[in-house]
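Laboratory data are not the source of any read-out in this text; all were calculated from the coordinates shown. Model, not experiment: these values are computed from the prediction. Please note: Cβ atoms are built from the backbone with ideal geometry, for glycine as well, and neighbour counts cover all protein chains shown.
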Amino acid sequence: MSSQDSVTDRVKAELKKISKYYRSIECYAQDYKGLWHKVECSSFPSFIDDNGFLKENIKVCNERKGKCVIVSKGDKVKRAEVKGKEIYLLKEESDVVGKWEKIGYVITGKGEERAIKSPIEGILLFVEEVIGKRPSHYIIYVKEAP
């Protein structure tokens, strides 16, 4: 093996490692036969009823972490809206969070830093970015721990 091959192999290995951080979140809904079908994650809110309970079985997969979370029909999901000039999240989909745990922070229009805390103990399921809104606007969905 030449030194060129080893450099190429090392570069390929490094690119493969880096590319994992650019994988997306995938969402699936389960049909009446128990089969999973891919759905747009942006449709996630439509699977939650007005009282915050899931209307059907959903699977949210964080491809970056190689981890999926299955949420069952009837599970309680809490929603929290976050708005600010800049939003930085410390947690991502499939992460376990404690009640009032810091999951990110917001920089306000006045330049102040505010903590974003989980409204309940559970699993962070989905972070929805509300496009076209100013300031930055996110809706965070957390599955309540049993």
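Just a few scattered comments:
- Springs join every pair of Cα atoms under 10 Å in this Gaussian network model of the chain, and among Pro135, Pro45, Pro119 the largest mean-square fluctuation is at Pro135.
- Applying a threshold of 28 Å to the alpha-carbon distances of Lys12/Lys67; Lys38/Lys102; Lys33/Lys67; Lys55/Lys91 flags Lys38/Lys102 as lying beyond it.
- Helix 3-19 axis, angle to the chain major axis (alpha carbon atoms, nearest 10°): 0 degrees
- Selection of trypsin sites (Lys or Arg not before Pro), region 117-146, meeting DSSP coil and at most 10 other Cβ within 10 Å: Lys133
- Computed magnitude of the charge dipole of region 23-144 (debye, nearest 20; Cβ of K, R +1, Cβ of D, E -1): 160 debye
- Cα pair distances of the chain binned at 10 Å [whole percent]: 11, 33, 30, 15, 8, 3, 0
- Radius of gyration and maximum dimension Dmax of region 75-144, Cα, Å: 11.7, 38
- Residues Asp31, Asp75, sorted so that the one with the fewest Cβ neighbours within 10 Å comes first: Asp31, Asp75
- Highest-MSF residue in the chain out of Ile123, Ile107, Ile58 [GNM, Cα springs under 10 Å]: Ile107
- Set of region 57-73 residues, backbone N closer than 14 Å to the point 7 Å along the Cα-Cβ line of Trp36: 57-72
- DSSP-assigned coil residues among GluC sites (Glu not before Pro) in region 96-146, each with at most 12 further Cβ atoms within 10 Å: Glu112
- The chymotrypsin sites (Phe, Trp or Tyr not before Pro) of region 28-89 that DSSP puts in a loop, and whose beta carbon has at most 10 other beta carbons within 10 Å, are Tyr32.
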